[in-house]
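What follows is a single structure, written as structure tokens, with notes after it.
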């Protein structure tokens, strides 16, 4: 699977056995990888003498409203692998005969259960009132023009910086960067790295693991020194 996906998958592996009974259907859904969730699956079919009239076809969709763009018949010993992301919509048609499969689940090295526990700890017992008062005017401007989910994200990024021990200037810079009010183009390498990393952990906590955004973060911080107060988070988000 590492070779097929080209991704840095861990050695963690979860195997589940699934059996659909006649009349059962799996509706269209997307298993987007939340923080600590698997990134890829390999489904192996175990249905001898499968015929088209037996149903249980795995279907892939471009959106919840579209027609299927790809179908995988559950023939015996046939395998199909796919990545999970916000738009990886899939479902299974009604099973007319029992349908059996084994699913292998794989984790990205930068989205492990250990990272999930770390992010939960970082934002545990959160109170935005603990942020420096100097941030209030900036936050008021953002809250007047941005949707609530966006300002929640920016607040999380600021909170991460605050809890990592950065001063109010860095906290404000991180808030403005995450809100899109300004670009963090400081010459101070640590400030730049901290702001980028804070924005990323806010994404993980609020939304999900976005492979494209992670690759951008990896590119932005590539070759940089791993600063002491960022090290625990850095090592989990950007493992070597």
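The values are calculated or read from the model by the stated rules, or taken from the named source; none is laboratory data. Everything numeric in this text was worked out from a predicted model, so none of it was measured. Cβ atoms come from the backbone with ideal geometry, glycine included; neighbour counts cover every protein chain shown.
A compact table of results
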item: Test for residue 63: is it more than 21 Å from residue 215 (Cα to Cα), outside the structural domain of residue 215 (by TED's automatic domain parsing) and over 20 Å from the mean Cα position of the chain (by Cα); result: no
item: Positions within the stretch 38-47 being farther than 13 Å from residue 82 by Cβ and either in a loop (DSSP other than H, G, I, E, B) or modelled with pLDDT under 95 (or both), in sequence order; result: 46, 47
item: Helices (runs of 4 or more DSSP H) within the stretch 155-240 that include 2 or more residues under 15 Å from the mean Cα position of the chain (by Cα) and without any contact (Cβ under 8 Å) to a residue 24 or more places away in the chain; result: 211-221
item: Residue satisfying condition, being over 26 Å from residue 118 (Cβ atoms), touching a strand residue (DSSP E or B) at 6+ places or on another chain (Cβ under 8 Å) and touching a residue at least 12 places away in the same chain (Cβ under 8 Å), within set 41, 19; result: 19
item: Single condition residue 110 does not satisfy, out of (1) part of a loop (DSSP other than H, G, I, E, B); (2) surrounded by fewer than 16 Cβ atoms within 10 Å (Cβ to Cβ); result: (2)
item: Where residue 127 falls short, out of the listed (1) at pLDDT below 95; (2) within 27 Å of residue 219 (Cα to Cα); result: (2)
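Residues checked against (1) over 24 Å from residue 38 (Cα atoms); (2) touching a helix residue (DSSP H, G or I) at 6+ places or on another chain (Cβ under 9 Å):
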residue	(1), (2)
110	no, yes
125	yes, no
133	yes, yes
140	yes, no
148	yes, no
155	yes, yes
159	yes, yes
165	yes, yes
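Table: residues versus (1) loosely packed, with under 14 Cβ neighbours inside 10 Å; (2) on the phi < 0 side of the Ramachandran plot; (3) not in a helix (DSSP H, G or I).
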site	(1), (2), (3)
49	yes, no, yes
60	no, yes, yes
74	no, yes, yes
97	no, yes, yes
115	no, yes, no
